[in-house]
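The structure under discussion appears below in the form of structure tokens.
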Amino acid sequence: MANRHETSDALVIGAGPAGLMAAERLAAAGFGVVVAEAKPSIGRKFLMAGKSGLNLTKVEPEAQFRAAYGAAASWLDPMLTAFGPQAVQDWARELGQEVFTGSTGRVFPQAMKASPLLRAWAARLAEAGVSLRPRWRWTGWDGALAQFETPEGAVGIRPGVTVLALGGASWARLGSDGRWAELLAARAVPLAPFLPANAGLSVAWSPQMARVFGAPVKGVALSAASRSLRGEFVVSRHGLEGGGIYALSSDVRDGAALWLDLLPDWSEDKILAGLERPQGKASLSTHLRKVLRLEPVKIALLQEFGRPLPDGPGLARLLKRLPIRHGGLRPMDEAISTAGGVSRAAVDAGLMLRACPGVFVAGEMLDWEAPTGGYLLTGCLATGAWAGSAAAAWCAARSPQ
């Protein structure tokens, strides 16, 4: 039981992008907002994602952008229409962070890092009266009272409306541990099982591969199921990591074979013509490097996954369609995101839990997935804005006039 009780117009649990966006929408509607965060500071996963350059969103044709959300595209469509790539850019600029669009359509803040944007956002939320409660871990409900473990002991809050934005079940050290699933299951909320998304592949390498650990693989194409894409990845000690792998990880997770085209700009005939040039006393690796301009890491992958290497036409075919043998996706806690969570059937059009009136859900808690490249963050911001606005409207409709 709580040692003390508080009341609040609105309660947001989780201070990642989705939760902060929901808090902003509620505050803009005139409600007092408390944001409870289990970790000592806000946006920890957001900051980690921005270490190598914060990819905010993606500029591309609308149909192509929506397709990145797969089976959830129709569900998220109104939310992405209300807060899509242009709105994300406008939001960043309003926070004093100018953005630029790269050659692939990915949008980044000029500063590249997440910290200036997060600091500006935190300041704006504070000015709007949003009260942040760090180190407050949600432990469930006691009737209408949301219960928390805090540094001061057990605390209960009785809110007018609640938005849950607790993240998925990956990167537990940053706060997304999925422990909330048990609390919602106890309230008969339909949940889909958690699955890794945007995850690397486990590969049991031969000792010869150690020399290319950490090497990037660029200028290749990958395919799985009915999808094919250009992408990049890195050979790591444990397997393969990077955007090209992540983008197809859902297909691989579902059992599809993964294939690698080491020379996507070369036809099979052109490759064969190169291979048929005199090799002389050169080793096969040297020959491949000279006539096909293959980097050492690509040659290593060819030898690792294609051995024993065939001759002539067989080798040309292998260079265009190299099977990637692997041990499945890396553990879920290493995944950038997760599929599963609160199912579409569990919420209404405003993302309110049907089993818990007055409780809304946003971000990675919901059962949708998308590849890296700006889609994940845009989806979190869009669902946060949608849930926050819907929560504000629901609360206003029940307030005394």
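Things worth noting here:
- Of the candidates 180, 171, 205, the single residue that is modelled with pLDDT under 95 and either closer than 26 Å to residue 10 by Cα or surrounded by 15 or more Cβ atoms within 10 Å (Cβ to Cβ) (or both) is 171.
Residue-wise test of (1) at pLDDT below 95; (2) under 16 Å from the mean Cα position of the chain (by Cα).
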| site | (1), (2) |
| --- | --- |
| 49 | yes, yes |
| 56 | no, yes |
| 75 | no, no |
| 78 | no, no |
| 81 | no, no |
| 89 | no, no |
| 95 | no, no |
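- Condition check for residue 368: assigned to a loop (DSSP other than H, G, I, E, B) and crowded, with 21+ Cβ neighbours inside 10 Å: yes
- Test: residue in the range 72-90 that is surrounded by fewer than 16 Cβ atoms within 10 Å (Cβ to Cβ), free of Cβ contacts under 8 Å to residues at least 60 places away in the same chain and under 24 Å from residue 43 (Cα atoms): yes
- Residue in the range 263-280 that is among the charged types (D, E, K, R), in a loop (DSSP other than H, G, I, E, B) and under 18 Å from residue 67 (Cβ atoms) present: no
Let's see how each residue does on (1) small (Gly, Ala, Ser); (2) more than 19 Å from residue 380 (Cα to Cα):
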{"position": "174", "(1), (2)": "no, no"}
{"position": "178", "(1), (2)": "yes, no"}
{"position": "185", "(1), (2)": "yes, yes"}
{"position": "189", "(1), (2)": "no, yes"}
{"position": "198", "(1), (2)": "no, no"}
{"position": "202", "(1), (2)": "yes, yes"}
{"position": "206", "(1), (2)": "yes, yes"}
{"position": "211", "(1), (2)": "no, yes"}
{"position": "215", "(1), (2)": "yes, yes"}
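- Residues in the range 233-247 that are touching a Pro at 6+ places or on another chain (Cβ under 9 Å) and either at pLDDT below 95 or part of a helix (DSSP H, G or I) (or both): 242, 243, 246, 247.
- If you go through the range 145-161 and pick out every residue that is surrounded by fewer than 24 Cβ atoms within 10 Å (Cβ to Cβ) and not in a loop (DSSP other than H, G, I, E, B), you end up with 11.
- Qualifying residues in the range 271-282 (those that are surrounded by 13 or more Cβ atoms within 10 Å (Cβ to Cβ) and either of a type in the set (Gly, Ala, Ser) or free of Cβ contacts under 8 Å to residues at least 24 places away in the same chain (or both)) - the one farthest from residue 313 (Cα to Cα): 282
- Looking across the range 385-401, the residues that are at pLDDT 90 or above and farther than 13 Å from residue 10 by Cβ come down to 385, 386, 397.
- Condition check for residue 124: assigned to a helix (DSSP H, G or I), surrounded by 14 or more Cβ atoms within 10 Å (Cβ to Cβ), charged (D, E, K, R) and in contact (Cβ under 8 Å) with a residue 12 or more places away in the chain: yes
The values are calculated or read from the model by the stated rules, or taken from the named source; none is laboratory data. These numbers come from a predicted model, not from an experiment. We place every Cβ from the backbone using ideal geometry, glycine too, and count neighbours over all the protein chains shown.
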